Each structure stands twice: as C-alpha cells, then as structure tokens.
Amino acid sequence: LDYKPQEFASAASDGTRVFIGSSAKVLWALSARDGGILWNQPLGGAISGRPLYCEETGMVYVGADDGSLSAFDAATGVQRWVYRVHGPIASQPVFSGDSLYVMSGENRIYALEARTGKWRWQYDREAPDGFTIRGYPSPLVTGNRVYVGFSDGYLACLSATTGDVS
C-alpha cells in the first residue's frame, strides 16, 4: 500500500506570516508574500488543529496530538512555554483578556495565563460510557463567560476567571 499522509491542520496568519502545523510534528511560519520558510519548530506530536496568532502577546499558540500546548514568539519562533495535558489538543485555543482557553480530548477545558502558560483553572465532564461522537470544539468566550460543549452532549457556561459554572 502507498503511504498517504493526511493533513488536518489549518492555517492562521498575522498578515505577514502564515502559521501552519503538520502531521510531521512541525509548526511552520511561512512568508505570506512569497511562501518562503521563516522558521519551523518541531513538536512532540502531530498538529491537527489551527494555531492561534495573538497580536496582544506577539505569540502563536498551537496544540498537538501528544497533549502539549506550546507558545512561540511569532517573529522568531523561539518557544516561550509549553503546557502538557493528558489528551490531544486538536482545537484552536482562544485568547481573551490575558487568558488562553483550550479544550483537550480528555473532555476538559483549561484556562492558562497567556504570557506564561501558568495554570488558572480547569473544568471537565465525565466521558460517557457508551458510543459517542467526539469532536474537538473551541470554547466561546463572551464577556466573563466561557461556553464549551462536551462529548456527553452538555454545554457548560463557566466563569472566565474562576471556571465555576455560571
């Protein structure tokens, strides 16, 4: 059989650079003008989701299938921090205020300090015992509320600052 790799990641851009991950466990920064390689960084797992470029921090954030969430300087590619969870991170992180919110494949949402990767809170629901269709939703942040769907069919409304159910 021929090897036919599949790519699931999609691109993000700051207008000057295009950021995209790959199944080869690499995050790429390409020139938006000519497609030239500006920098690349290896990660511990394949990248299935979309990176997030954040103008406020000057960083690009990306989750990987090995459960790592990494922050890189968008201009240089220098890794600023990495946070590890127990399930794949295949959805795009969401930035709001000074926090980063990300959903993992372990049916858990995390809130981290965007500049340092410091843990703020997490909320999870028990995965159902029976057959479910799982996806990798990105949270929605509106005001001081975070909305996120879970594989058991529930939609939670959480406080953006504490993670408590609102």
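The values are calculated or read from the model by the stated rules, or taken from the named source; none is laboratory data. Since the model is a prediction, treat every value here as computed from it, not as a measurement. Quick reminder, even Gly has a Cβ in these numbers, built from the backbone with ideal geometry, and neighbours come from all protein chains shown. For the accessible areas, the whole protein counts, side chains as well, though only heavy atoms, and no ligand, DNA or RNA atoms are used. Shrake-Rupley method; radii C 1.70, N 1.55, O 1.52, S 1.80 Å.
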From the square roots a ≥ b ≥ c of the eigenvalues of the alpha-carbon gyration tensor of the chain, which class results: rounded (a/c under 1.5), prolate (a/b over b/c), or oblate?
oblate
Using the Karplus curve 6.51 cos²θ - 1.76 cosθ + 1.60 with θ = phi - 60°, work out ³J(HN,Hα) for each residue of the stretch 64-80 in order, rounded to whole Hz, and write x for Gly and Pro.
10, 5, 8, x, 9, 10, 10, 10, 10, 5, 5, 7, 10, x, 5, 6, 8
Which percent of the accessible heavy-atom area of the chain goes to carbon and sulfur, probe 1.4 angstrom?
50
For the chain, the charge dipole (Cβ of Lys, Arg +1; Cβ of Asp, Glu -1; about the Cα centre) points to a positive end, and the Cα of Leu43, Pro88, Ala74 closest to that extreme belongs to Ala74
Treating the beta-carbon of each Lys and Arg as +1 and of each Asp and Glu as -1, no other charges, what is the dipole magnitude of the chain about its Cα centre, to the nearest 20 debye?
180
What residues qualify as long-range amide H neighbours of Arg145, i.e. H under 5 Å apart, gap of 5 or more or another chain, H built at 1.01 Å from N?
Ala160
Find the accessible area per residue for the chain; the probe is 1.4 Å, ligands and nucleic acids are left out, and the unit is Å².
53
So between Thr16 and His86, what do we pick up on full extension, going 0.36 nm a residue minus the alpha carbon distance?
21.8 nm
Evaluate the charge dipole of the stretch 87-132 about its Cα centre and quote only its size in Debye, nearest 20, assuming +1 on the Cβ of each Lys and Arg and -1 on the Cβ of each Asp and Glu.
200
Two-site label geometry, Asp129 and Glu106: point separation in nm, points 7 Å out along Cα→Cβ
2.3
Which value in nm describes the separation of the simple spin-label points at Phe8 and Lys25, placed 7 Å from the Cα toward the beta carbon?
1.7
Label points 7 Å out from Cα along the Cβ direction at Leu140 and Ala32: separation in nm?
2.7
